[in-house]
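Asks: Please see the structure below; I have some questions.
Readers should treat all values here as calculations from the given coordinates under stated rules, not as data from a laboratory. What you see is a predicted model, and the numbers here were worked out from it, not measured in a lab. All Cβ positions, glycine included, derive from the backbone under ideal geometry; neighbour counts span all protein chains shown.
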């Protein structure tokens with residue numbers, strides 16, 4: 001069992017992250033003791049310039065380069081072991097070393113970030129040229145020279161960045177420069193510098209870490225963030241044994257949340273209408289749908305598109321039922337079509353629910369189910385041009401569509417007086433608007449889930465949709481408009497209670513977080 | 001000659017077909033012409049038929065993939081057996097049409113409850129997330145929290161009883177800032193679609209032949 005260092009939750013053995021809060025789980029025993037001689041060369045390797053494909057290494061040079069690298073690594077190890085090294089990664093990997101490759105990639109060569117060349121920097125500084133600023137570019141030419149005759153490095157007229165502390169130390173004149181192995185490595189490298197750009201690795205200072213460069217601007221903030229991510233490590237604490245009640249609370253907390261939500265949803269249905277919805281205001285967009293239906297002459301053809309599946313019936317079934325009641329009561333001819341395979345069965349369910357309340361309506365004469373049409377945009381375009389060609393038979397009886405009175409006079413989409421799109425996502429209304437609404441002179445309204453509403457509302461605002469019913473509240477408003485309260489109105493209590501519980505949980509979560517933060521600070 | 005013929009078959013001819021078909025359907029969208037109408041309608045009808053065949057291909061692909069998984073005893077192969085059995089049962093149930101009693105039973109008693117239940121579980125996940133994640137850690141997250149709570153409360157009719165102006169604030173958030181963002185996304189997506197269409201018509205995108 002692994003206990004989370006952050007929240008204390010017990011997790012299974014072998015877990016990498018906490019199941020409760022997601023904190024990475026690192027067992028104390030699994031943290032390897034980092035040998036102090038390993039960390040330093042990594043940033044140098046990262047700073048290697050890309051290989052040059054146009055220059056092939058000569059035979060035998062590979063072995064020599066390998067020898068040089070080994071000599072440099074050995075000397076680096078000696079230097080590092082000579083100084084006390086903290087086991088902390090943040091100390092072992094200096095900021096400048098880590099940020100160097102990133103900064104150089106982002107902004108090109110940054111003078112202060114490039115490491116000073118041992119022997120070269122000291123000499124130039126001894127000559128009183130001020131703080132040396134050695135960029136990566138003059139490094140190789142300098143190395144090509146004999147070590148004793150290192151070329152003086154040109155210092156810029158206006159130094160942009162302060163010299164790092166290490167350079168300040170060097171400026172004072174250290175007699176230990178002959179002890180460094182770099183010059184001997186240079187001799188070995190003579191003549192093959194271009195085979196592999198190993199000079200920066202050898203010349204890299206291995207002693208004191210460089211101070212972070214003071215670079216203004218947002219790029220430095222990015223580098224700082226990068227450093228934070230790389231250097232910081234999760235705090236590993238020895239888990240404190242928890243009491244029984246604490247463990248019980250942790251176990252029960254999530255289950256209590258689920259229980260609250262379940263009660264909030266179920267209780268209003270059991271209690272009944274504890275709130276009065278008589279004064280529920282009707283939104284203008286819902287009224288737009290109602291008025292579009294009211295404006296149709298009796299006997300006009302209306303197409304209802306069932307573009308939702310059982311996942312969203314909670315919100316869209318009340319809408320569909322209310323609309324179908326309204327259409328049947330107005331004596332309009334209804335035909336349904338679906339771009340989803342599940343749609344026709346849902347439409348048939350609505351017909352079976354609504355038709356008994358309107359004895360005068362008959363399948364095939366007053367309403368018809370055209371079934372599923374595959375092909376999305378292409379299918380819509382084909383249907384809009386010639387509905388009876390795109391769909392040949394009805395969904396229920398599989399009879400040719402030409403035999404049904406419900407489709408009499410419908411030869412094109414413009415013969416349909418109104419299209420009602422019921423969608424569980426935002427893509428379906430967009431398809432209808434693009435392929436049908438924008439090309440043909442036909443009214444278009446929509447009923448969508450509350451989640452899809454933000455993406456569909458722009459079409460309502462632009463007038464491409466004549467009305468919009470959104471979610472369960474929209475369905476309830478429509479039920480009130482047609483004076484037939486049903487499942488939409490009945491579900492409002494459960495929805496309100498569930499929303500309230502979620503709001504309270506969010507506030508409680510924030511409160512617990514604030515209290516925890518205060519305690520940590522104090 | 002063989003190389004030229006191969007290039008023509010794999011690249012030139014598919015590209016030419018894509019460009020010509022795309023231009024014809026595009027012209028049909030903008031121009032009123034009897035011949036173009038007829039041609040465009042034919043091409044669109046072909047697309048619908050190919051879409052139906054794509055469903056069939058998808059089914060065959062699923063059968064092949066899961067058949068291989070069972071044959072090789074790959075990880076989770078018992079679930080593949082369940083999937084294949086389900087496919088066979090639904091196919092048999094649908095032999096007599098989508099409105100047959102057997103198909104109706106499968107839809108009403110299996111598919112419908114399963115899909116509705118899975119979606120309903122979102123309520124519990126959202127409640128759990130609201131408690132554990134939806135926290136005011138920074139200024140931005142505090143703003144998000146406040147906005148989310150206003151919209152959440154405003155969506156519920158209960159807000160009428162608490163404060164009658166709450167639904168108005170919710171409507172404003174949805175109608176102005178939210179719709180502004182949504183409109184930006186829609187416009188960006190539309191421009192992307194136009195660009196992609198142009199690339200196909202100009203023969204710059206040739207995924208079908210590569």
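Asks: Calculate, in nm to one decimal, what residue B:32 and residue B:143 gain on full extension: separation in residues at 0.36 nm each, minus their alpha carbon distance.
Replies: Result: 34.8 nm gained on full extension.
Asks: Over the alpha carbons of region A:432-514, what is the largest minus smallest coordinate on each principal axis, giving the biggest first in Å?
Replies: For region A:432-514, the Cα spread along each principal axis is 56, 34, 15 Å.
Asks: With the cut-off at 20 Å, report for chain B the share of all Cα pairs above it, as a whole percent.
Replies: That fraction is 80 percent.
Asks: If you average 1/r over all unlike Cα pairs in region A:260-376 and invert the result, what Kirkwood radius do you get in angstrom?
Replies: Computed over region A:260-376, the radius equals 16.1 Å.
Asks: Rg over Rh of region B:7-77, using C-alpha atoms and the Kirkwood radius, what does it come to?
Replies: Over the Cα atoms of region B:7-77, Rg/Rh equals 1.26.
Asks: Let me ask you something else. Between residue B:6 and residue B:71, what's the calculated FRET efficiency when r is the beta-carbon distance and R0 is 22 Å? Round to 0.05.
Replies: 0.05
Asks: Still on this model: Report the extension gain between residue B:163 and residue B:205 in nm, rounded to one decimal, defined as 0.36 nm multiplied by the number of residues separating them, less their alpha carbon distance.
Replies: Additional length available on full extension: 9.6 nm.
Asks: Let me ask something additional. Using alpha-carbon positions, what is the distance between the centroids of region A:440-518 and region B:5-55, in Å?
Replies: Spelled out, the Cα-based centre of one part sits 41 Å from the other.
Asks: Here's a follow-up. Once the convex hull of the C-alpha atoms of region B:108-168 is built, how many Å³ does it hold per residue, rounded to a whole number?
Replies: That works out to 119 Å³ per residue.
Asks: Another question, if that's okay. Which of B:185, A:413, A:482 comes first, and how do the rest follow, when ranked by fewest Cβ neighbours within 10 Å?
Replies: The order, fewest Cβ neighbours first, is B:185, A:482, A:413.
Asks: Follow-up question, since we're still on this one. What is the order of B:45, A:255, A:484, B:199, fewest Cβ neighbours within 10 Å to most?
Replies: Lowest count first: A:255, B:199, A:484, B:45.
Asks: Turning to a different aspect of this structure: I'd like the distance separating the alpha-carbon centroids of region B:114-188 and region A:321-348, in whole Å.
Replies: 30
Asks: For residue A:441 and residue B:198, what does the FRET efficiency come to when R0 = 25 Å and r is the distance between their Cβ atoms, rounded to the nearest 0.05?
Replies: 0.30
Asks: Name the residue, out of B:122, B:198, B:23, whose mean-square fluctuation peaks in a Gaussian network model built on chain B with Cα pairs under 10 Å.
Replies: B:122
Asks: What's the exposure ranking of B:83, A:444, going from fewest to most Cβ atoms within 10 Å?
Replies: So the residues, fewest neighbours to most, are B:83, A:444.
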